[in-house]
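Shown next, in structure tokens, is the structure this report addresses.
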Amino acid sequence: MNEGVSAVLERAYPGARAQLKRRILGGALACFNEQGIEPTTIEMLKERCEASVGNLYHHFGSKEGLVAALFFAAMDDQAALREQRLSGAETLKDGVAALVYSYVDWVVAQPELARYVFQARSAVAKGPHGAELQQRNRMMGKALMAWFTQPERVAQLRAWPAELFPSLIIGQSENYCRAWLSGRVKSSPAQYREMLAEAAWSSVARPVEG
């Protein structure tokens, strides 16, 4: 388990008493990224995590619980960086850049977790923790809308449906990050973060009249 992943898991499950849980999550991350979520068995997890089947079920309840716990730990870490960057943004353009930069910077810092998040989202959404994912997404959406819909900011946005804006702001960065993580492109997303932020701003900013 690399230092970046260790740091994320330590933030999610701090302290000596959670050491076994962190080790299981780190081993599971490697298994899921190498084998895929569906093909990975409890026996494979037991061997990779150096833990008993009893340990796995005690801490996570099921394989689906383990998949969800790892997914939510990653998403919470990404959200913390996003909230930190957004809290320091003053203008609407700064806010758009904060969303893009935090997304790109997290993926570059945590490529193994980012790969996992991309493959796990559907499994979590369709599994027993799907309702929790929906609730988290609603809460995130409300927080973003509260920031972006302040009157002085709304006036600068295109008069388009609000539900479009997350895709317009993050979609291009997400697409490039996926290509980078899969090896389809070689240049790090960090190299293009300013361009991606400018493209996002162009997508959502109300055109200047005249």
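The values are calculated or read from the model by the stated rules, or taken from the named source; none is laboratory data. None of these values were measured; they are calculated from a predicted model. Here the Cβ is made from the backbone with ideal geometry for all residues, glycine too, and neighbour counts use every protein chain on show. Side chains included, ligands, DNA and RNA excluded: accessible areas come from the protein's heavy atoms. Shrake-Rupley method; radii C 1.70, N 1.55, O 1.52, S 1.80 Å.
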> Contour minus end-to-end for Glu198 and Gln150, with contour as 0.36 nm per residue of separation and end-to-end as the Cα-Cα distance?
Replying inline: 15.1 nm
> How high is the relative contact order of the range 58-113, given as a whole-number percent (alpha carbon pairs under 8 Å, six or more residues apart)?
Replying inline: 30
> Considering amide H positions built from the backbone, and no H for Pro or chain starts, which residues 5 or more places from Thr40, or on another chain, come under 5 Å of its amide H?
Replying inline: none
> For Thr91 and Glu64, what does the FRET efficiency come to when R0 = 45 Å and r is the distance between their Cβ atoms, rounded to the nearest 0.05?
Replying inline: 0.60
> What's the extension gain from Asn55 to Ala131 if we count 0.36 nm per residue and subtract their Cα-Cα distance?
Replying inline: 24.8 nm
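Note the count of lysine pairs whose C-alpha atoms are less than 14 angstrom apart in the chain, limited to pairs 8 or more residues apart or on different chains.
Here the count comes out as 4.
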> Using modelled backbone amide H atoms (1.01 Å from N, in-plane), which distant-in-sequence or interchain residues come within less than 5 Å of Leu157's amide H?
Replying inline: Arg206
> For the chain, modelled as a GNM with alpha-carbon contacts under 10 angstrom, which of Val96, Val185, Val67 fluctuates the most?
Replying inline: Val185
> For the range 29-63, which GluC sites (Glu not before Pro) are both in a DSSP coil and crowded by at most 14 other Cβ atoms within 10 Å?
Replying inline: Glu50
> Taking the range 83-121, which GluC sites (Glu not before Pro) meet the DSSP loop condition and have no more than 15 other C-beta atoms within 10 Å?
Replying inline: Glu90
> Which of the GluC sites (Glu not before Pro) found in the range 125-210 are loop residues per DSSP with 12 or fewer other Cβ atoms within 10 Å of their Cβ?
Replying inline: Glu209
>> Just to be sure I understand the rule: take each whole DSSP H helix in the chain, project its Cα atoms onto its long axis, keep it if the span is 15 Å or more and its mean Kyte-Doolittle hydropathy is at least -0.5. Which ones pass?
In response: 19-35, 63-87, 92-109, 111-126, 130-148, 165-182, 193-204
>> Suppose we take every Cα in the range 32-139 and form the convex hull; what volume per residue is that in Å³?
In response: 109
>> If you count only protein heavy atoms with a 1.4 Å probe, what accessible area per residue comes out for the chain, rounded to a whole Å²?
In response: 54
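Ignoring ligands, DNA and RNA, please state the percent of accessible area on the chain from carbon and sulfur, probe 1.4 Å.
54
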> How many nm separate the modelled label positions at Gln35 and Arg121, each set 7 Å beyond the Cα in the direction of the Cβ?
Replying inline: 2.5
